[in-house]
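I have placed the structure first, in the form of structure tokens, so that the comments after it can refer back to it.
The values are calculated or read from the model by the stated rules, or taken from the named source; none is laboratory data. Computed from a predicted model, the values in this text were never measured in an experiment. Counting neighbours? That spans all protein chains shown, and the Cβs are built from the backbone with ideal geometry, glycine included.
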Amino acid sequence: MKSTARHALAIAALLGASLPFAAQAVEYNQVQSDKSRVTFAYKQMGVAMDGAFKKFNGQLSFDPAQPTKAKATIEVDLASIDTGSAESDSEVAGKAWFNTPAFPTARFESASVKALGGNRFEVAGKLTIKGKSRDVVVPATFSTQGNSGVFDGSLTIRRGDFSVGEGAWAAFDIVANDVQIKFHIAAGAK
């Protein structure tokens with residue numbers, strides 16, 4: 001019996017020694033572009049339209065145990081737009097819309113993260129499109145899926161705030177001012 005008790009104590013000591021390693025938080029910091037997407041939705045002549053950006057990259061650092069220390073930067077290649085029509089893609093890349101030769105990327109850079117509970121967060125930061133920066137607050141959720149941390153969220157911007165759609169397109173009668181941006185960003189841990 002004494003031998004069994006010693007074995008039990010030895011196993012408990014080994015388990016106790018390994019607990020700090022098991023309890024260490026995971027930091028998600030490797031954006032997995034192949035598992036991520038950035039999409040958008042808007043109305044044109046009252047009809048719901050949507051599209052996506054095929055290319056984007058990002059840097060992030062997120063530890064679920066310390067969310068207020070999180071940082072994120074996402075850059076979207078505006079010329080990678082997919083509206084479902086090659087003609088529309090070309091038009092939107094032009095000077096009146098994104099002017100991709102002069103402004104090839106849209107950029108979001110976080111400034112702070114506020115935990116709301118239930119894996120919900122508010123990420124405040126700057127969104128820059130066409131050289132114009134605006135403060136935004138992005139609601140997001142976090143979940144783990146296998147070895148990945150997944151961030152889902154959306155925000156509505158006003159294209160007029162960024163001069164997206166100039167000249168004849170500056171009015172909002174054909175293309176609405178509100179554009180909803182949605183994201184699904186998967187990240188691995190280092």
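Values as computed for the structure displayed
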read-out	value
Close pairs (9 angstrom Cβ cut-off, 6 or more residues apart or separate chains): farther than 24 Å from residue 59 by Cβ in segment 174-187, of a type in the set (S, T, N, Q) anywhere	174/44; 175/44; 176/44; 178/156; 179/156; 180/39; 180/154; 180/156
Pairs with Cβ under 9 Å, 6+ apart, first in segment 103-114 and at pLDDT 95 or above and surrounded by fewer than 15 Cβ atoms within 10 Å (Cβ to Cβ), second polar (S, T, N, Q) and not in a loop (DSSP other than H, G, I, E, B)	112/68; 114/68
Qualifying residue in segment 152-159 (condition: closer than 26 Å to residue 176 by Cβ, aliphatic (A, V, I, L, M) and in a strand (DSSP E or B))	yes
Pick from segment 22-31, criterion touching a residue at least 12 places away in the same chain (Cβ under 8 Å) and not hydroxyl-bearing (Ser, Thr, Tyr), ranking: surrounded by the fewest Cβ atoms within 10 Å (Cβ to Cβ)	25
Subset tally (residues that are buried (at least 17 other Cβ atoms within 10 Å of the Cβ) and out of contact with any Gly (no Cβ under 8 Å at 6 or more places or on another chain)) for segment 129-139	2
Members of segment 32-63 found to be surrounded by fewer than 17 Cβ atoms within 10 Å (Cβ to Cβ) and of a type in the set (Ser, Thr, Tyr), listed by number	33, 39, 61
Matching residues, segment 136-175, being farther than 20 Å from residue 27 by Cβ and in contact with a helix residue (DSSP H, G or I) (Cβ under 8 Å, 6 or more places away or on another chain)	165, 170, 172, 175
Unique residue being exposed (fewer than 13 other Cβ atoms within 10 Å of the Cβ) and more than 13 Å from the chain's Cα centre (by Cα) when the list is 189, 176, 171	171
